[in-house]
Amino acid sequence: MISYILRRTVAAVILLLVVTAVTFGIFFLLPRLAGQTPDQLAQQYIGKSPTAADIAAVKHNLGLDQPVYVQYWHFIKGIVGGATYDLGPTTAHCGAPCFGYSFKNHVEVWPELTSRLPVTLSLAAGAAVIWLLSGVTVGVISALKPGSFFDRTFMGVALAGVSLPMFFTGQLALLLFTYQWPIFGRTYVPFTENPAQWANTLVPAWCSLALLYSAVYARLTRSGMLETMNEDFIRTARSKGLPERTVVARHGLRAALTPIITVFGMDLGLLLGGALITERVFSLHGIGEYAVQAITDNDLPPVLGVTLLAAFFVVLCNLLVDLLYAAADPRVRLS
């Protein structure tokens, strides 16, 4: 197991390097291949009517006068050991992990990410608990009573939930439960300041996001349970006289959880990297909103920071998923 984790860790580091290289190349290499000069790249980060001296200074400070591979090496070296930036009359040291300074507002990227990360973590964790519990529960009950009124009704609701976009359900939840009936708060409050108000503010976002995801989990659980409940080991468990609740929960559901764990790891990892639309709709200043603003401003360091952080969460969640397989399904341990 230790050697497996070490191999996956090395593979994760290589994958993160590839992700950063591709993202770096999109912002710096592709424009040059398209015919843009370093002066033109630097000019977009200056105000109107810049002088030649202004363009030269910005180009030097941003490292645009160096080859792309040198710029990428400085970026990777800054993540590991920090970097020192020449700001003209003064210098600034960016401690590790250093993702550089924003080209637009000249603020360090890493503190911006860490300050917004609790918002995204709060959104992802709460929504994940709701969609996992509700989706799996509905899927199990529907599988045990296929073709019933409950099955048809909730599968129809699941289809509607997965079909409705977040910008519609989110705006509807805000309209009804925040403005029309002011049940929930409007302004995000950190958990450490007021846990009750923190949860009260996030409930509409949690439920809107869970409606989208729980529909997928309900249908996955239903199909998995319908297949698993006809397996030989289920008939053997029933023939031994085990209670139906034990057969369903301990044997049937555990065996059907493997694809659900896989999808859950991917969804949670992507969501931890930033829920762009949800954070925009509910005015949550998280990683997703930060990424949207950086992309709009064509600001490379924040985009690279968000991309690397999102890739890290996806890789981490996939590693945890592989370790959870054996706990969920004993057949994995035998193989």
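Between 138, 189, 157, 216, which is of a type in the set (A, V, I, L, M) and outside any helix (DSSP H, G or I)?
Working: 138 fails: outside any helix (DSSP H, G or I); 157 fails: outside any helix (DSSP H, G or I); 216 fails: outside any helix (DSSP H, G or I).
On inspection, the qualifying residue turns out to be 189.
Give the residues of segment 9-38 that are open to solvent by 70 Å² or more (accessible area, probe 1.4 Å) and assigned to a helix (DSSP H, G or I), sorted by residue number.
10, 13, 14, 15, 17, 18, 22, 26, 29, 30, 33
Among the residues in segment 219-228, are any under 25 Å from residue 170 (Cβ atoms), open to solvent by 20 Å² or more (accessible area, probe 1.4 Å), of a type outside the set (A, V, I, L, M) and in contact (Cβ under 8 Å) with a residue 12 or more places away in the chain?
Looking through segment 219-228, at least one residue is under 25 Å from residue 170 (Cβ atoms), open to solvent by 20 Å² or more (accessible area, probe 1.4 Å), of a type outside the set (A, V, I, L, M) and in contact (Cβ under 8 Å) with a residue 12 or more places away in the chain.
Pull out all pairs, ordered by first then second residue, where Cβ-Cβ is under 7 Å, the residues are six or more apart or on different chains, the first lies in segment 124-148 and is closer than 17 Å to residue 259 by Cβ, and the second is open to solvent by 50 Å² or more (accessible area, probe 1.4 Å) and outside any helix (DSSP H, G or I).
none
Testing residue 171 on (1) within 19 Å of residue 263 (Cβ to Cβ); (2) at pLDDT 85 or above, one condition comes back false. Which one is that?
(1)
I'd like the full set of residues that are surrounded by fewer than 13 Cβ atoms within 10 Å (Cβ to Cβ) and of a type in the set (S, T, N, Q), limited to segment 45-76.
49, 51
Might you let me know whether segment 86-98 holds any residue that is in a helix (DSSP H, G or I), modelled with pLDDT of 80 or more and not basic (Lys, Arg)?
There is no residue in segment 86-98 that is in a helix (DSSP H, G or I), modelled with pLDDT of 80 or more and not basic (Lys, Arg).
Here is a check on your reading of the model: is residue 106 modelled with pLDDT under 85 and more than 19 Å from residue 307 (Cβ to Cβ)?
yes
Can residue 232 be described as under 28 Å from residue 174 (Cβ atoms), at pLDDT below 90 and not aromatic (Phe, Trp, Tyr)?
no
Results for (1) small (Gly, Ala, Ser); (2) out of contact with any Cys (no Cβ under 9 Å at 6 or more places or on another chain); (3) surrounded by fewer than 19 Cβ atoms within 10 Å (Cβ to Cβ); (4) within 14 Å of residue 304 (Cβ to Cβ), shown as yes or no for each residue.
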residue: 78; (1), (2), (3), (4): yes, no, no, yes
residue: 116; (1), (2), (3), (4): no, yes, no, no
residue: 127; (1), (2), (3), (4): yes, no, no, no
residue: 137; (1), (2), (3), (4): no, yes, yes, no
residue: 140; (1), (2), (3), (4): no, yes, no, no
residue: 147; (1), (2), (3), (4): yes, yes, yes, no
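Has segment 237-245 got at least one residue that is open to solvent by less than 20 Å² (accessible area, probe 1.4 Å) and modelled with pLDDT of 85 or more?
no
Report those helices (runs of 4 or more DSSP H) wholly inside segment 224-302 carrying at least 2 residues which are more than 30 Å from residue 23 (Cβ to Cβ).
Hits in segment 224-302: 232-239, 254-272.
Report, by residue number, each residue of segment 80-114 that is touching a Leu at 6+ places or on another chain (Cβ under 7 Å) and open to solvent by 20 Å² or more (accessible area, probe 1.4 Å).
Correct list: 103 only.
The values are calculated or read from the model by the stated rules, or taken from the named source; none is laboratory data. What you see is a predicted model, and the numbers here were worked out from it, not measured in a lab. Heads up, the Cβs are rebuilt from the backbone with ideal geometry, glycines too, and the neighbour counts pull from every protein chain shown. With ligands, DNA and RNA removed, areas are computed over all heavy atoms of the protein, side chains included. Shrake-Rupley method; radii C 1.70, N 1.55, O 1.52, S 1.80 Å.
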